[in-house]
Amino acid sequence: MVANNSDENSSTLWVAIIGAGPAGYYTAEALTKDDANVRVDIIDKLPTPFGLIRAGVAPDHQSIKNVSRRYTATNDRDNVRFVGNMALGRDITIAELKEIYDVIVLATGAPNDRALGIDGEDLDGVIGSGAFVGWYNSHPDFTHLEPDLKVASVAVIGNGNVAVDVARILAKTSQEMADTDLAGHAATHIHSSSIKDIYIIGRRGPLEAAFTPKELSELNQLENCVTLVEENQLPPESIDETLSGAQKKNMAHLRAMTANREGDKPVRLHIKFYRRPMAILGDGCVCGLRLEGTRVEDGKCVGTGETEVLPTGLIVPCIGYRSSPIEDIPYDDNLGLFLNDSGRIDAQLYCVGWARRGPTGTIGTNKPDGADIAAKILTDITPSGKEGRLGLDRIVHDRDLQIVTFADWKKIDAAEVAAATHGAPRSKFSDVKDMVKATEA
Ligand code: NAP
(Lines give C-alpha, C1' and ligand atoms only; values in the text may rest on other atoms or scores of the structure.)
Protein backbone atom coordinates (compact mmCIF):
# COMPACT_ATOMS: atom_id res chain seq x y z
CA MET A 1 0.00 0.00 0.00
CA VAL A 2 1.47 3.35 -0.95
CA ALA A 3 0.92 6.28 1.36
CA ASN A 4 1.61 9.86 0.47
CA ASN A 5 2.79 11.63 3.58
CA SER A 6 4.52 14.42 1.63
CA ASP A 7 2.13 17.19 2.71
CA GLU A 8 2.00 15.93 6.27
CA ASN A 9 4.03 17.24 9.18
CA SER A 10 4.18 17.36 12.94
CA SER A 11 0.91 19.30 13.09
CA THR A 12 -1.01 16.56 11.26
CA LEU A 13 -3.68 14.95 13.42
CA TRP A 14 -3.76 11.22 12.71
CA VAL A 15 -7.07 9.49 13.34
CA ALA A 16 -7.91 5.81 12.99
CA ILE A 17 -11.61 5.00 12.85
CA ILE A 18 -12.42 1.34 13.43
CA GLY A 19 -15.52 0.39 11.51
CA ALA A 20 -16.54 1.59 8.04
CA GLY A 21 -20.26 1.91 8.72
CA PRO A 22 -22.41 5.06 8.84
CA ALA A 23 -21.05 6.20 12.24
CA GLY A 24 -17.47 5.83 11.01
CA TYR A 25 -18.11 7.68 7.75
CA TYR A 26 -20.06 10.55 9.32
CA THR A 27 -17.23 10.99 11.84
CA ALA A 28 -14.63 10.99 9.04
CA GLU A 29 -16.70 13.49 7.07
CA ALA A 30 -16.98 15.88 10.00
CA LEU A 31 -13.30 15.54 10.94
CA THR A 32 -11.94 16.24 7.47
CA LYS A 33 -14.42 18.72 6.06
CA ASP A 34 -12.78 21.94 7.30
CA ASP A 35 -9.49 20.88 8.82
CA ALA A 36 -6.64 20.48 6.35
CA ASN A 37 -4.41 18.98 9.02
CA VAL A 38 -6.52 15.91 9.76
CA ARG A 39 -5.85 12.53 8.16
CA VAL A 40 -8.26 9.67 8.72
CA ASP A 41 -7.79 5.96 8.11
CA ILE A 42 -11.04 3.97 8.29
CA ILE A 43 -10.14 0.38 9.18
CA ASP A 44 -12.65 -2.46 8.74
CA LYS A 45 -12.40 -6.21 9.15
CA LEU A 46 -14.39 -6.73 5.95
CA PRO A 47 -13.02 -5.96 2.49
CA THR A 48 -16.20 -3.94 1.84
CA PRO A 49 -17.13 -0.56 3.36
CA PHE A 50 -20.49 0.82 4.61
CA GLY A 51 -21.27 -1.56 7.49
CA LEU A 52 -24.99 -1.77 8.18
CA ILE A 53 -25.85 -0.06 4.89
CA ARG A 54 -24.59 -3.17 3.15
CA ALA A 55 -25.25 -5.87 5.75
CA GLY A 56 -28.09 -4.52 7.91
CA VAL A 57 -30.48 -2.39 5.86
CA ALA A 58 -33.07 -4.65 4.24
CA PRO A 59 -32.28 -5.67 0.64
CA ASP A 60 -35.65 -4.30 -0.53
CA HIS A 61 -34.91 -0.87 0.97
CA GLN A 62 -32.48 0.19 -1.74
CA SER A 63 -33.28 3.90 -1.46
CA ILE A 64 -31.85 3.92 2.10
CA LYS A 65 -28.65 2.35 0.74
CA ASN A 66 -28.14 5.33 -1.60
CA VAL A 67 -26.55 7.18 1.31
CA SER A 68 -23.40 5.19 0.54
CA ARG A 69 -22.79 7.73 -2.27
CA ARG A 70 -22.19 10.32 0.43
CA TYR A 71 -19.70 8.02 2.19
CA THR A 72 -17.99 7.42 -1.17
CA ALA A 73 -17.61 11.19 -1.60
CA THR A 74 -16.00 11.35 1.86
CA ASN A 75 -13.65 8.51 0.99
CA ASP A 76 -12.72 10.16 -2.30
CA ARG A 77 -11.14 13.02 -0.31
CA ASP A 78 -7.33 12.94 -0.21
CA ASN A 79 -7.28 12.96 3.57
CA VAL A 80 -9.53 9.89 4.07
CA ARG A 81 -8.40 6.34 3.40
CA PHE A 82 -10.26 3.00 3.64
CA VAL A 83 -8.22 0.07 4.94
CA GLY A 84 -10.39 -3.01 4.50
CA ASN A 85 -9.78 -6.65 5.39
CA MET A 86 -7.87 -5.62 8.51
CA ALA A 87 -9.34 -6.87 11.78
CA LEU A 88 -8.73 -5.36 15.18
CA GLY A 89 -7.49 -8.14 17.45
CA ARG A 90 -6.47 -10.38 14.54
CA ASP A 91 -4.21 -8.08 12.52
CA ILE A 92 -3.55 -5.17 14.84
CA THR A 93 -4.20 -4.19 18.46
CA ILE A 94 -5.49 -1.05 20.10
CA ALA A 95 -2.11 -0.60 21.80
CA GLU A 96 -0.37 -0.63 18.41
CA LEU A 97 -2.87 1.81 16.95
CA LYS A 98 -2.28 4.14 19.91
CA GLU A 99 1.43 4.16 19.09
CA ILE A 100 0.79 5.19 15.50
CA TYR A 101 -2.26 7.47 15.68
CA ASP A 102 -3.17 10.45 17.84
CA VAL A 103 -6.77 9.28 18.19
CA ILE A 104 -8.70 6.05 17.74
CA VAL A 105 -12.49 6.09 17.29
CA LEU A 106 -14.44 2.88 17.80
CA ALA A 107 -17.28 2.83 15.28
CA THR A 108 -17.63 -0.92 15.63
CA GLY A 109 -21.41 -0.95 16.02
CA ALA A 110 -23.30 -3.58 17.98
CA PRO A 111 -23.04 -6.78 15.95
CA ASN A 112 -24.02 -9.36 18.58
CA ASP A 113 -27.57 -10.43 19.35
CA ARG A 114 -28.95 -9.74 22.80
CA ALA A 115 -30.05 -12.91 24.55
CA LEU A 116 -33.65 -13.57 25.57
CA GLY A 117 -32.41 -15.27 28.73
CA ILE A 118 -34.97 -18.08 28.62
CA ASP A 119 -34.74 -21.88 28.46
CA GLY A 120 -34.26 -23.41 25.03
CA GLU A 121 -32.45 -20.45 23.53
CA ASP A 122 -29.57 -22.67 22.38
CA LEU A 123 -31.77 -25.07 20.40
CA ASP A 124 -31.28 -25.42 16.65
CA GLY A 125 -33.77 -23.19 14.91
CA VAL A 126 -33.26 -20.16 17.18
CA ILE A 127 -31.39 -17.57 15.14
CA GLY A 128 -30.89 -14.03 16.39
CA SER A 129 -31.68 -11.20 14.00
CA GLY A 130 -28.01 -10.17 13.71
CA ALA A 131 -27.16 -13.55 12.22
CA PHE A 132 -30.41 -13.90 10.25
CA VAL A 133 -30.22 -10.43 8.69
CA GLY A 134 -26.49 -10.95 8.00
CA TRP A 135 -27.37 -14.22 6.25
CA TYR A 136 -29.88 -12.72 3.84
CA ASN A 137 -27.63 -9.69 3.30
CA SER A 138 -24.53 -11.73 2.28
CA HIS A 139 -22.44 -10.92 5.37
CA PRO A 140 -19.48 -13.34 5.09
CA ASP A 141 -19.78 -14.34 8.77
CA PHE A 142 -23.29 -15.75 8.20
CA THR A 143 -23.24 -17.13 4.67
CA HIS A 144 -23.19 -20.73 5.88
CA LEU A 145 -26.08 -20.37 8.34
CA GLU A 146 -28.56 -22.45 6.29
CA PRO A 147 -31.65 -21.94 8.46
CA ASP A 148 -34.24 -24.66 8.06
CA LEU A 149 -37.14 -22.92 6.33
CA LYS A 150 -38.99 -26.16 5.63
CA VAL A 151 -41.15 -25.26 8.58
CA ALA A 152 -44.82 -24.32 8.70
CA SER A 153 -44.44 -21.33 10.99
CA VAL A 154 -41.89 -18.79 12.18
CA ALA A 155 -41.93 -16.69 15.34
CA VAL A 156 -40.27 -13.29 15.06
CA ILE A 157 -39.84 -11.83 18.54
CA GLY A 158 -39.85 -8.07 19.06
CA ASN A 159 -41.82 -5.07 17.88
CA GLY A 160 -39.04 -3.02 16.30
CA ASN A 161 -38.18 -2.30 12.68
CA VAL A 162 -35.80 -5.26 12.55
CA ALA A 163 -38.67 -7.64 13.38
CA VAL A 164 -40.73 -6.01 10.63
CA ASP A 165 -37.81 -6.34 8.18
CA VAL A 166 -37.30 -10.04 8.96
CA ALA A 167 -41.02 -10.86 8.66
CA ARG A 168 -41.34 -8.93 5.39
CA ILE A 169 -38.27 -10.55 3.78
CA LEU A 170 -39.63 -14.00 4.70
CA ALA A 171 -43.07 -13.08 3.30
CA LYS A 172 -42.11 -11.50 -0.01
CA THR A 173 -42.16 -13.53 -3.22
CA SER A 174 -39.23 -13.88 -5.62
CA GLN A 175 -40.96 -11.39 -7.93
CA GLU A 176 -41.23 -8.86 -5.12
CA MET A 177 -37.52 -9.36 -4.34
CA ALA A 178 -36.31 -9.31 -7.97
CA ASP A 179 -35.05 -5.72 -7.87
CA THR A 180 -33.21 -6.16 -4.56
CA ASP A 181 -29.77 -7.40 -3.55
CA LEU A 182 -31.08 -10.30 -1.45
CA ALA A 183 -28.27 -12.89 -1.13
CA GLY A 184 -28.61 -15.64 -3.74
CA HIS A 185 -28.24 -18.40 -1.12
CA ALA A 186 -31.03 -16.81 0.96
CA ALA A 187 -33.32 -16.36 -2.04
CA THR A 188 -33.01 -20.09 -2.80
CA HIS A 189 -34.06 -21.00 0.75
CA ILE A 190 -36.72 -18.36 1.29
CA HIS A 191 -38.50 -18.79 -2.02
CA SER A 192 -38.76 -22.56 -1.64
CA SER A 193 -39.75 -22.44 2.03
CA SER A 194 -42.82 -24.13 3.51
CA ILE A 195 -43.69 -21.18 5.73
CA LYS A 196 -47.42 -20.55 5.95
CA ASP A 197 -47.63 -18.54 9.18
CA ILE A 198 -45.29 -15.80 10.39
CA TYR A 199 -45.85 -14.37 13.87
CA ILE A 200 -44.51 -11.01 15.05
CA ILE A 201 -44.68 -11.10 18.83
CA GLY A 202 -44.64 -8.01 21.02
CA ARG A 203 -44.31 -8.19 24.78
CA ARG A 204 -46.15 -4.89 25.14
CA GLY A 205 -49.00 -3.32 23.17
CA PRO A 206 -49.43 -1.44 19.89
CA LEU A 207 -48.88 1.95 21.52
CA GLU A 208 -45.50 0.85 22.88
CA ALA A 209 -44.31 -0.74 19.63
CA ALA A 210 -40.99 0.59 18.31
CA PHE A 211 -41.68 0.01 14.61
CA THR A 212 -42.36 3.07 12.48
CA PRO A 213 -45.44 3.77 10.31
CA LYS A 214 -43.80 3.47 6.89
CA GLU A 215 -42.26 0.10 7.76
CA LEU A 216 -45.54 -1.14 9.33
CA SER A 217 -47.56 -0.08 6.29
CA GLU A 218 -45.38 -2.21 4.01
CA LEU A 219 -46.74 -5.28 5.79
CA ASN A 220 -50.18 -4.54 4.38
CA GLN A 221 -48.94 -4.47 0.78
CA LEU A 222 -47.53 -7.97 0.39
CA GLU A 223 -48.41 -9.90 -2.75
CA ASN A 224 -48.72 -13.39 -1.26
CA CYS A 225 -49.17 -12.72 2.44
CA VAL A 226 -52.04 -11.25 4.44
CA THR A 227 -51.31 -9.43 7.69
CA LEU A 228 -53.72 -10.14 10.53
CA VAL A 229 -54.26 -8.10 13.68
CA GLU A 230 -56.74 -8.83 16.47
CA GLU A 231 -59.10 -5.88 16.78
CA ASN A 232 -59.44 -6.33 20.54
CA GLN A 233 -55.69 -5.68 20.98
CA LEU A 234 -56.00 -2.14 19.59
CA PRO A 235 -56.98 0.93 21.64
CA PRO A 236 -60.26 2.71 20.81
CA GLU A 237 -60.09 5.55 18.29
CA SER A 238 -61.28 7.90 21.01
CA ILE A 239 -57.76 8.05 22.47
CA ASP A 240 -56.15 9.06 19.16
CA GLU A 241 -55.96 12.74 20.08
CA THR A 242 -53.64 11.87 22.98
CA LEU A 243 -51.20 10.01 20.73
CA SER A 244 -48.00 11.08 19.00
CA GLY A 245 -48.02 11.44 15.21
CA ALA A 246 -46.20 8.13 14.75
CA GLN A 247 -48.54 6.30 17.14
CA LYS A 248 -51.58 7.70 15.34
CA LYS A 249 -50.25 6.51 11.98
CA ASN A 250 -49.37 3.09 13.39
CA MET A 251 -52.90 2.73 14.82
CA ALA A 252 -54.39 3.66 11.43
CA HIS A 253 -52.30 0.98 9.70
CA LEU A 254 -53.10 -1.64 12.33
CA ARG A 255 -56.83 -0.84 12.19
CA ALA A 256 -56.74 -1.19 8.40
CA MET A 257 -55.22 -4.66 8.89
CA THR A 258 -58.12 -5.78 11.08
CA ALA A 259 -60.27 -5.86 7.93
CA ASN A 260 -58.03 -8.60 6.45
CA ARG A 261 -59.15 -12.22 6.59
CA GLU A 262 -57.14 -15.44 6.98
CA GLY A 263 -57.99 -16.84 3.56
CA ASP A 264 -57.20 -13.64 1.64
CA LYS A 265 -53.72 -14.85 0.63
CA PRO A 266 -51.77 -18.13 0.89
CA VAL A 267 -49.43 -16.96 3.67
CA ARG A 268 -50.46 -15.25 6.91
CA LEU A 269 -48.50 -12.75 8.99
CA HIS A 270 -49.98 -12.45 12.48
CA ILE A 271 -49.06 -9.43 14.60
CA LYS A 272 -49.60 -10.54 18.21
CA PHE A 273 -49.23 -8.03 21.03
CA TYR A 274 -49.22 -8.57 24.81
CA ARG A 275 -47.30 -11.85 24.82
CA ARG A 276 -43.87 -12.44 26.27
CA PRO A 277 -41.59 -15.40 25.60
CA MET A 278 -41.20 -17.73 28.59
CA ALA A 279 -39.41 -20.78 27.14
CA ILE A 280 -38.39 -22.26 23.83
CA LEU A 281 -39.49 -25.87 23.54
CA GLY A 282 -37.86 -28.73 21.70
CA ASP A 283 -35.44 -31.60 21.89
CA GLY A 284 -32.41 -30.64 19.79
CA CYS A 285 -34.54 -28.50 17.47
CA VAL A 286 -37.21 -25.95 18.22
CA CYS A 287 -40.80 -27.14 18.10
CA GLY A 288 -42.59 -24.42 20.02
CA LEU A 289 -42.52 -21.17 21.92
CA ARG A 290 -44.22 -20.83 25.31
CA LEU A 291 -45.73 -17.38 25.73
CA GLU A 292 -47.30 -15.65 28.68
CA GLY A 293 -50.05 -13.07 28.27
CA THR A 294 -49.16 -9.57 29.45
CA ARG A 295 -50.67 -6.19 30.23
CA VAL A 296 -48.93 -2.85 30.37
CA GLU A 297 -48.74 -1.06 33.71
CA ASP A 298 -46.93 2.30 33.90
CA GLY A 299 -45.34 1.46 30.57
CA LYS A 300 -43.98 -1.85 31.89
CA CYS A 301 -44.90 -5.33 30.75
CA VAL A 302 -46.54 -7.40 33.52
CA GLY A 303 -47.36 -11.11 33.13
CA THR A 304 -50.99 -12.24 33.48
CA GLY A 305 -50.09 -15.85 34.31
CA GLU A 306 -52.00 -17.18 31.28
CA THR A 307 -49.76 -19.17 28.97
CA GLU A 308 -50.01 -20.67 25.51
CA VAL A 309 -47.68 -22.65 23.26
CA LEU A 310 -47.11 -21.46 19.73
CA PRO A 311 -45.98 -24.39 17.55
CA THR A 312 -43.04 -23.18 15.46
CA GLY A 313 -39.88 -24.57 13.87
CA LEU A 314 -37.94 -21.30 13.63
CA ILE A 315 -37.59 -18.44 16.09
CA VAL A 316 -35.87 -15.18 15.19
CA PRO A 317 -35.45 -12.94 18.25
CA CYS A 318 -35.17 -9.32 17.06
CA ILE A 319 -34.67 -7.77 20.47
CA GLY A 320 -31.61 -5.57 20.06
CA TYR A 321 -27.84 -5.89 19.90
CA ARG A 322 -24.64 -5.63 21.92
CA SER A 323 -21.21 -4.28 21.01
CA SER A 324 -18.29 -6.73 20.90
CA PRO A 325 -15.99 -6.19 23.89
CA ILE A 326 -12.36 -5.39 23.05
CA GLU A 327 -9.51 -6.44 25.31
CA ASP A 328 -8.40 -3.73 27.76
CA ILE A 329 -11.29 -1.38 26.88
CA PRO A 330 -13.78 -0.80 29.70
CA TYR A 331 -17.12 -2.40 28.88
CA ASP A 332 -20.54 -2.22 30.51
CA ASP A 333 -21.73 -5.82 30.43
CA ASN A 334 -25.30 -4.90 31.39
CA LEU A 335 -25.76 -2.44 28.56
CA GLY A 336 -23.50 -4.23 26.06
CA LEU A 337 -21.57 -1.00 25.42
CA PHE A 338 -18.13 0.48 25.91
CA LEU A 339 -18.03 2.52 29.11
CA ASN A 340 -17.82 6.08 27.88
CA ASP A 341 -18.44 9.64 28.91
CA SER A 342 -20.38 11.20 26.02
CA GLY A 343 -18.20 9.26 23.59
CA ARG A 344 -14.87 9.69 25.40
CA ILE A 345 -13.31 6.43 26.65
CA ASP A 346 -9.79 7.62 27.49
CA ALA A 347 -7.36 10.33 26.44
CA GLN A 348 -6.81 8.76 23.02
CA LEU A 349 -9.91 6.64 22.56
CA TYR A 350 -13.48 7.60 21.57
CA CYS A 351 -16.58 5.72 20.49
CA VAL A 352 -19.42 6.72 18.18
CA GLY A 353 -22.70 5.36 16.81
CA TRP A 354 -24.11 2.15 18.26
CA ALA A 355 -20.76 1.45 19.99
CA ARG A 356 -21.40 4.66 21.96
CA ARG A 357 -25.15 4.86 22.49
CA GLY A 358 -26.44 1.34 21.84
CA PRO A 359 -28.59 0.06 18.97
CA THR A 360 -31.01 2.95 18.59
CA GLY A 361 -32.00 5.44 15.93
CA THR A 362 -31.88 5.44 12.17
CA ILE A 363 -28.87 5.69 9.85
CA GLY A 364 -29.28 9.49 9.93
CA THR A 365 -28.95 9.57 13.74
CA ASN A 366 -25.25 8.83 13.23
CA LYS A 367 -24.69 12.13 11.44
CA PRO A 368 -25.01 14.43 14.48
CA ASP A 369 -23.32 11.73 16.57
CA GLY A 370 -20.31 11.73 14.20
CA ALA A 371 -20.23 15.54 14.14
CA ASP A 372 -20.29 15.63 17.95
CA ILE A 373 -17.36 13.20 18.31
CA ALA A 374 -15.39 15.02 15.61
CA ALA A 375 -15.88 18.35 17.41
CA LYS A 376 -14.76 16.79 20.71
CA ILE A 377 -11.64 15.31 19.10
CA LEU A 378 -10.70 18.57 17.40
CA THR A 379 -11.09 20.39 20.73
CA ASP A 380 -9.47 17.77 22.99
CA ILE A 381 -6.49 16.54 20.99
CA THR A 382 -3.30 18.26 19.89
CA PRO A 383 -1.23 16.47 17.24
CA SER A 384 1.87 14.88 18.75
CA GLY A 385 3.99 14.03 15.72
CA LYS A 386 2.73 10.47 15.38
CA GLU A 387 3.75 8.35 12.43
CA GLY A 388 0.21 7.89 11.10
CA ARG A 389 -0.33 6.13 7.80
CA LEU A 390 3.31 5.20 7.27
CA GLY A 391 3.22 3.32 10.56
CA LEU A 392 0.15 1.39 9.51
CA ASP A 393 1.65 0.65 6.10
CA ARG A 394 4.76 -0.71 7.81
CA ILE A 395 2.66 -3.12 9.90
CA VAL A 396 0.69 -4.17 6.81
CA HIS A 397 3.96 -4.86 5.02
CA ASP A 398 5.70 -6.63 7.94
CA ARG A 399 2.69 -8.89 8.59
CA ASP A 400 2.04 -9.47 4.92
CA LEU A 401 -1.60 -8.44 5.30
CA GLN A 402 -3.76 -8.38 2.20
CA ILE A 403 -5.61 -5.17 2.87
CA VAL A 404 -8.28 -3.75 0.54
CA THR A 405 -8.18 -0.07 -0.48
CA PHE A 406 -11.11 2.06 -1.60
CA ALA A 407 -9.92 1.69 -5.22
CA ASP A 408 -10.02 -2.09 -4.64
CA TRP A 409 -13.54 -1.78 -3.23
CA LYS A 410 -14.59 0.00 -6.41
CA LYS A 411 -13.47 -3.12 -8.33
CA ILE A 412 -15.53 -5.35 -6.00
CA ASP A 413 -18.47 -2.99 -6.46
CA ALA A 414 -18.13 -3.04 -10.26
CA ALA A 415 -17.94 -6.86 -10.29
CA GLU A 416 -21.06 -7.14 -8.13
CA VAL A 417 -23.00 -4.70 -10.30
CA ALA A 418 -21.86 -6.50 -13.46
CA ALA A 419 -23.04 -9.86 -12.05
CA ALA A 420 -26.59 -8.62 -11.31
CA THR A 421 -29.54 -10.16 -13.16
CA HIS A 422 -33.33 -9.65 -13.44
CA GLY A 423 -33.25 -5.98 -12.44
CA ALA A 424 -31.24 -6.51 -9.22
CA PRO A 425 -28.89 -3.65 -8.34
CA ARG A 426 -26.02 -6.06 -7.65
CA SER A 427 -25.20 -9.67 -6.89
CA LYS A 428 -23.16 -9.53 -3.71
CA PHE A 429 -20.10 -11.58 -2.93
CA SER A 430 -20.62 -13.38 0.35
CA ASP A 431 -17.14 -14.80 0.79
CA VAL A 432 -14.09 -12.74 1.74
CA LYS A 433 -11.84 -14.76 -0.60
CA ASP A 434 -14.07 -13.93 -3.60
CA MET A 435 -14.09 -10.25 -2.63
CA VAL A 436 -10.31 -10.16 -2.42
CA LYS A 437 -10.02 -12.03 -5.71
CA ALA A 438 -12.22 -9.42 -7.40
CA THR A 439 -9.69 -6.74 -6.38
CA GLU A 440 -7.05 -8.54 -8.45
CA ALA A 441 -8.98 -8.01 -11.71
P1 NAP B 1 -35.80 -1.86 18.79
O2 NAP B 1 -36.42 -0.84 17.93
O3 NAP B 1 -35.16 -1.42 20.04
O4 NAP B 1 -36.89 -2.99 19.09
C5 NAP B 1 -36.58 -4.07 19.92
C6 NAP B 1 -37.86 -4.77 20.27
O7 NAP B 1 -37.50 -5.94 21.02
C8 NAP B 1 -38.81 -3.97 21.15
O9 NAP B 1 -40.12 -4.17 20.70
C10 NAP B 1 -38.59 -4.59 22.53
O11 NAP B 1 -39.72 -4.52 23.36
C12 NAP B 1 -38.35 -6.02 22.16
N13 NAP B 1 -37.67 -6.76 23.20
C14 NAP B 1 -36.50 -6.46 23.84
N15 NAP B 1 -36.17 -7.41 24.74
C16 NAP B 1 -37.16 -8.32 24.67
C17 NAP B 1 -37.39 -9.54 25.36
N18 NAP B 1 -36.55 -10.00 26.29
N19 NAP B 1 -38.52 -10.23 25.06
C20 NAP B 1 -39.38 -9.79 24.12
N21 NAP B 1 -39.21 -8.64 23.43
C22 NAP B 1 -38.11 -7.92 23.71
O23 NAP B 1 -34.62 -2.64 18.01
P24 NAP B 1 -34.46 -3.18 16.53
O25 NAP B 1 -35.74 -3.55 15.91
O26 NAP B 1 -33.37 -4.19 16.65
O27 NAP B 1 -33.88 -1.92 15.77
C28 NAP B 1 -32.65 -1.31 16.16
C29 NAP B 1 -32.60 0.12 15.62
O30 NAP B 1 -32.46 0.08 14.19
C31 NAP B 1 -33.87 0.88 15.91
O32 NAP B 1 -33.56 2.21 16.20
C33 NAP B 1 -34.63 0.77 14.60
O34 NAP B 1 -35.58 1.78 14.38
C35 NAP B 1 -33.50 0.84 13.61
N36 NAP B 1 -33.92 0.23 12.33
C37 NAP B 1 -34.51 1.05 11.43
C38 NAP B 1 -34.99 0.52 10.24
C39 NAP B 1 -35.65 1.43 9.26
O40 NAP B 1 -35.65 2.64 9.47
N41 NAP B 1 -36.27 0.90 8.22
C42 NAP B 1 -34.86 -0.85 9.98
C43 NAP B 1 -34.25 -1.67 10.93
C44 NAP B 1 -33.79 -1.10 12.11
P45 NAP B 1 -39.86 -3.38 24.49
O46 NAP B 1 -40.14 -2.13 23.73
O47 NAP B 1 -40.95 -3.86 25.34
O48 NAP B 1 -38.51 -3.32 25.18
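Filtered by the rule that a residue be open to solvent by 20 Å² or more (accessible area, probe 1.4 Å) and touching a helix residue (DSSP H, G or I) at 6+ places or on another chain (Cβ under 8 Å), the range 273-300 gives TYR274, VAL296, GLY299.
Figure legend. Inter-residue proximity from the range 36-51: first residues aromatic (Phe, Trp, Tyr), second residues crowded, with 24+ Cβ neighbours inside 10 Å, beta-carbon distance below 8 Å, spacing 6+ or different chains. Indicated pairs: PHE50/ALA20; PHE50/GLY21; PHE50/PRO22; PHE50/TYR25; PHE50/TYR71.
Scan the range 300-320 for residues that are more than 20 Å from ASN161 (Cβ to Cβ) and within 13 Å of the ligand (Cβ to nearest atom) and the total you get is 3.
Evaluate the range 261-270: report whether one residue or more is part of a loop (DSSP other than H, G, I, E, B), touching a strand residue (DSSP E or B) at 6+ places or on another chain (Cβ under 6 Å) and charged (D, E, K, R).
Step one: of the range 261-270, the residues part of a loop (DSSP other than H, G, I, E, B) are 261, 265-266.
From what is left, the residues that are touching a strand residue (DSSP E or B) at 6+ places or on another chain (Cβ under 6 Å) are 265.
Cutting the leftovers down to charged (D, E, K, R) gives us 265.
Checked the range 261-270: at least one residue is part of a loop (DSSP other than H, G, I, E, B), touching a strand residue (DSSP E or B) at 6+ places or on another chain (Cβ under 6 Å) and charged (D, E, K, R).
You will find that of ASP393, ASP372, the residue that is out of contact with any helix residue (DSSP H, G or I) (no Cβ under 7 Å at 6 or more places or on another chain), part of a helix (DSSP H, G or I) and over 24 Å from ASN9 (Cβ atoms) is ASP372 and no other. Applying a threshold of 7 Å to beta carbon distances and a minimum spacing of six or more residues, or different chains, the list of pairs starting in the range 224-242 at a residue that is in a helix (DSSP H, G or I) and ending at one that is charged (D, E, K, R) reads ASP240/LYS248.
Whenever a residue of the range 204-220 is farther than 17 Å from VAL156 by Cα and in a helix (DSSP H, G or I), its partners that are among the β-branched types (Val, Ile, Thr) and more than 10 Å from the ligand (Cβ to nearest atom), lying with C-beta atoms within less than 9 angstrom and at least six residues away or across chains, give the pairs LEU207/ILE239.
Conditions (1) of a type in the set (D, E, K, R); (2) outside the structural domain of LYS428 (by TED's automatic domain parsing); (3) in contact (Cβ under 8 Å) with a residue 40 or more places away in the chain; (4) not in a loop (DSSP other than H, G, I, E, B), marked per residue:
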| residue | (1), (2), (3), (4) |
| --- | --- |
| GLY24 | no, no, yes, yes |
| ALA30 | no, no, yes, yes |
| ILE64 | no, no, yes, yes |
| ARG70 | yes, no, yes, yes |
| ARG77 | yes, no, yes, no |
| GLU99 | yes, no, yes, yes |
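Only a single criterion out of (1) open to solvent by 50 Å² or more (accessible area, probe 1.4 Å); (2) within 11 Å of the ligand (Cβ to nearest atom) is not satisfied by HIS144, namely (2).
Against the definition (surrounded by 21 or more Cβ atoms within 10 Å (Cβ to Cβ) and either outside any helix (DSSP H, G or I) or within 15 Å of the ligand (Cβ to nearest atom) (or both)), how does ALA163 come out, yes or no?
Details: surrounded by 21 or more Cβ atoms within 10 Å (Cβ to Cβ): yes; either outside any helix (DSSP H, G or I) or within 15 Å of the ligand (Cβ to nearest atom) (or both): yes.
For ALA163, the condition - surrounded by 21 or more Cβ atoms within 10 Å (Cβ to Cβ) and either outside any helix (DSSP H, G or I) or within 15 Å of the ligand (Cβ to nearest atom) (or both) - is met.
Please go through the range 349-363 and give me each residue that is surrounded by fewer than 17 Cβ atoms within 10 Å (Cβ to Cβ) and either among the β-branched types (Val, Ile, Thr) or at pLDDT 95 or above (or both), ordered by number. Within the range 349-363, THR360, THR362 qualify.
The values are calculated or read from the model by the stated rules, or taken from the named source; none is laboratory data. Keep in mind the model is a prediction, meaning the values are calculated, not measured. Counting neighbours? That spans all protein chains shown, and the Cβs are built from the backbone with ideal geometry, glycine included. With ligands, DNA and RNA removed, areas are computed over all heavy atoms of the protein, side chains included. Shrake-Rupley method; radii C 1.70, N 1.55, O 1.52, S 1.80 Å.
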